[in-house]
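What follows is a short report on a single structure.
The values are calculated or read from the model by the stated rules, or taken from the named source; none is laboratory data. This structure is a prediction, so every number in the text was calculated from the model and none was measured. Here the Cβ positions follow ideal geometry from the backbone for every residue, glycine too, while neighbour counts run over all protein chains shown. We work out accessible area using only protein heavy atoms, side chains counted, and drop any ligands, DNA or RNA first. Shrake-Rupley method; radii C 1.70, N 1.55, O 1.52, S 1.80 Å.
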Amino acid sequence: MSKKILVLGATGNVGNHLVKTLIAKGETVKAASRSGKAVNGAEGVAFDLADPSSFAHAFDGIDRAYIMLPGGSVAVKDLLLPVVEAAIARKVKIVFQSVLGVDADDSIPYRQIEILIEKSGVPYVILRPNWFSDNFHTFWKAGIGHGQIALPAVNGKSSFIDARDIADSAAAALTSSQFDGRAFNLTGPEALGYADAATILSGAIGRPVTYSAISDDAFIGILTGAGVPADYAGFLASIFHPVREGWTASVTQDVETLTGKAARSLATYASDYAAALKA
Ligand SMILES: NC(=O)c1ccc[n+]([C@@H]2O[C@H](COP(=O)([O-])OP(=O)(O)OC[C@H]3O[C@@H](n4cnc5c(N)ncnc54)[C@H](OP(=O)(O)O)[C@@H]3O)[C@@H](O)[C@H]2O)c1
């Protein structure tokens, strides 16, 4: 039986850590991205979600796959359906990176992909992460540089999760069958507002950072002014509605269930990424 794991988004936030963890566990990994770069000692494979002709080579020799959609994508079903169907046709076990809360409504595109996987007959695990801590050194980094994180979150709290914990959870799901057929809501250990987060980040980088609650329109204006496409800026604004409603404040033990370790706090994230946050 083939014993290779295909990791999508292998040069990205979660994928990079996941490849490293799987290699450390002795697994053989094909690291997929459009660039096809080798990642952390894993063979790189050129793969494009939007180009099914790239799938056959990527799936060659694979028995398990980590399937995710890169950030910046709004065409959820258009991009995910072909690769999920390709994995199912090859009877590959799927560990799917979904999004916290999508199980609230079966009409949500991410939930429709989950349902397809649940009904497929292939072994699967669904991971639904909350907002990433890592957004602070990626999406919100420019604001931190100016000393102010401006978001349409009002006072809503989120149990931010470190991408390393998503990767460790994914590695556990990919290397064991004990979690098959289940979905896990991945959160950090505590719910924090963006003002709390600003205080923690400020302490880690040794510079003042404050939080300013702004309107959706102001947020979209800032993003599009920084070159973010209007449709993705609108999408990002829309996903702060659940934050304002308090739906992203729940805390679960699912990271610990999967990995045997408690999820990392935002303070740990901020300390470990202080150089990137300051740069
Ligand atoms: N950020 C959050 O707070 C959050 C919270 C919950 C869920 N999520 C979900 O998590 C996902 C993002 O995870 P992430 O941050 O780990 O991803 P990411 O870092 O944005 O993913 C980038 C990776 O995907 C590859 N990639 C980009 N376009 C591709 C394409 N067309 N075909 C194949 N590979 C492609 C990139 O390499 P190349 O450019 O070389 O192709 C890179 O390896 C999103 O679906 C988001 O909805 C995010």
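Some values worked out for this structure:
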item	result
Accessible area of region 4-129 belonging to carbon and sulfur atoms, whole % at 1.4 Å probe	50
Cα pair distances of region 4-129 binned at 5 Å [whole percent]	2, 12, 23, 25, 21, 12, 4, 1
Pairwise centroid distance, computed over Cα atoms, of region 120-193 with region 37-72, Å	22
Of I23, V7, P52, farthest towards positive along the dipole that unit charges on Lys, Arg, Asp, Glu beta carbons give region 4-129	I23
Computed E for A275/H241 - FRET, C-beta separation, R0 30 angstrom, nearest 0.05	0.35
Calculated log₁₀ intensity ratio I(q)/I(0) where the Debye formula runs over C-alpha points of region 74-196, q = 0.21 Å⁻¹	-1.23
Cα→Cβ-extended label distance, 7 Å offset, between D78 and A226, nm	2.5
Rounded if a/c under 1.5, otherwise prolate or oblate - the chain, Cα gyration tensor axes	prolate
The chain: relative contact order as a whole-number percent, Cα under 8 Å and 6+ apart	18
Accessible heavy-atom area order of K157, K91, highest first, probe of 1.4 Å	K91, K157
Over region 105-258, relative contact order from alpha-carbon pairs under 8 Å, at least 6 apart, %	33
Average accessible area per residue (Å²) across region 1-96 - probe 1.4 Å, nucleic acids and ligands excluded	43
Value of relative contact order over region 4-129, rounded to a whole percent, pairs C-alpha under 8 Å and six or more apart	20
Förster-model FRET efficiency, 30 Å R0, S250 and K25, C-beta, rounded to 0.05	0.50
Unit charges on C-beta of K, R, D, E only; dipole of region 4-129, Debye	380
Cα-based reach from K4 at 16 Å (exclusive), listing aspartates and glutamates while leaving out same-chain residues under 8 positions away	E27, E43, D60, D63
Positive-end extreme of charge dipole, the chain - chosen from A32, A218, A87 (charges on Cβ)	A32
Gain upon complete extension [T138, D106; 0.36 nm per residue less C-alpha separation]	8.5 nm
Lysines with Cα under 26 Å of K157, excluding same-chain neighbours fewer than 8 positions away	K141, K261, K278
Packing-based ranking, highest mean first, of 75-87, 162-174, 213-225 given that Cβ atoms within 10 Å are counted	162-174, 75-87, 213-225
Region 1-45: C-alpha gyration tensor shape, a/c 1.5 cut-off, then a/b vs b/c	oblate
Which of F184, P109, L236, positive extreme of dipole for the chain (C-beta unit charges)	F184
Region 195-261: C-alpha gyration tensor shape, a/c 1.5 cut-off, then a/b vs b/c	oblate
